[in-house]
Amino acid sequence: STVVGVPTRGGGAGPEPTVPLRVANAWQNLIGPMNQKRAFLYALGDEVGVAYNRMIRAVLDNTELRTWRYVLTLEDDNLPPPDAHIRLLETIEAGGYDAVSGIYFTKGELNMPMAYGDPSDGPLDFRPRDVRAALAAGQVMPVNGIAMGCALWRMDLFRALPEPWYVTCSDVVPGVGVRCYTQDLHFCERARAAGKRFAVDMRVRVGHLDVTTGEVY
């Protein structure tokens, strides 16, 4: 059973945030695992880190939802393939991972894969990986950090780590300098330090939509 968590500030002209039609259509076409429950939960208007924290806390406070096994995060500029939920579920169970994401790339002229750090490569780092070989072969790549636009997380992961789970930060750290972290990598750094494991499933190829131009990366 999976809670689908969707933060959105939307881009519509009306009083409520709106999700682009192409994105909503992709979500509607997501194939659900057979004989399992799935429910959508939206957080409207908040900064993305705040939105995710609100959603996770709401799930854990809900008498029924807190007994479900997974959280699937989707973002309103991502176009998941129809089999994304099923493939991520296969991989998280087969590999014993705590969370698994699909693969997508940053928008703009410099397209970096959102698969960060090599767990087998010494100190904890979050540099974008070279995914070309794994992508061509449709492999699963263990990483230190994943993005949240199409990712499946074990519910127990949020019980294991204290709140707030997701923090977007840009801080000056004494002796270190400026540290800029998106909410996903901030959480992954804490989780990896606690021994949690992440991976990117290269079979799940997610489009990254530029809502202003319509271009998909």
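The values are calculated or read from the model by the stated rules, or taken from the named source; none is laboratory data. Note that this is a predicted model, so its numbers are computed, not measured. Methodologically, a virtual Cβ is constructed for each residue, glycine included, from the backbone with ideal geometry; neighbour enumeration extends over all protein chains shown. Note: areas computed on protein heavy atoms with side chains; ligands, DNA, RNA excluded. Shrake-Rupley method; radii C 1.70, N 1.55, O 1.52, S 1.80 Å.
Per-structure values
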quantity	calculated
Qualifying residues in region 160-217 (those that are modelled with pLDDT of 90 or more and aromatic (Phe, Trp, Tyr)) - the one farthest from Phe105 (Cα to Cα)	Trp165
Filter pass, Tyr104 being in contact with a Phe, Trp or Tyr (Cβ under 6 Å, 6 or more places away or on another chain) and hydroxyl-bearing (Ser, Thr, Tyr)	no
Leading residue by the ranking (farthest from Met155 (Cα to Cα)) among those in region 64-76 that are open to solvent by 30 Å² or more (accessible area, probe 1.4 Å) and not β-branched (Val, Ile, Thr)	Asp76
Qualifying residues in region 143-170 (those that are in a strand (DSSP E or B) and within 15 Å of the chain's Cα centre (by Cα)) - the one farthest from Gly207 (Cα to Cα)	Arg154
Hits in region 202-213 (condition: within 20 Å of Pro82 (Cα to Cα) and over 19 Å from the mean Cα position of the chain (by Cα))	none
Residue, surrounded by the fewest Cβ atoms within 10 Å (Cβ to Cβ), within region 44-63, restricted to residues that are out of contact with any Lys or Arg (no Cβ under 9 Å at 6 or more places or on another chain) and among the charged types (D, E, K, R)	Asp61
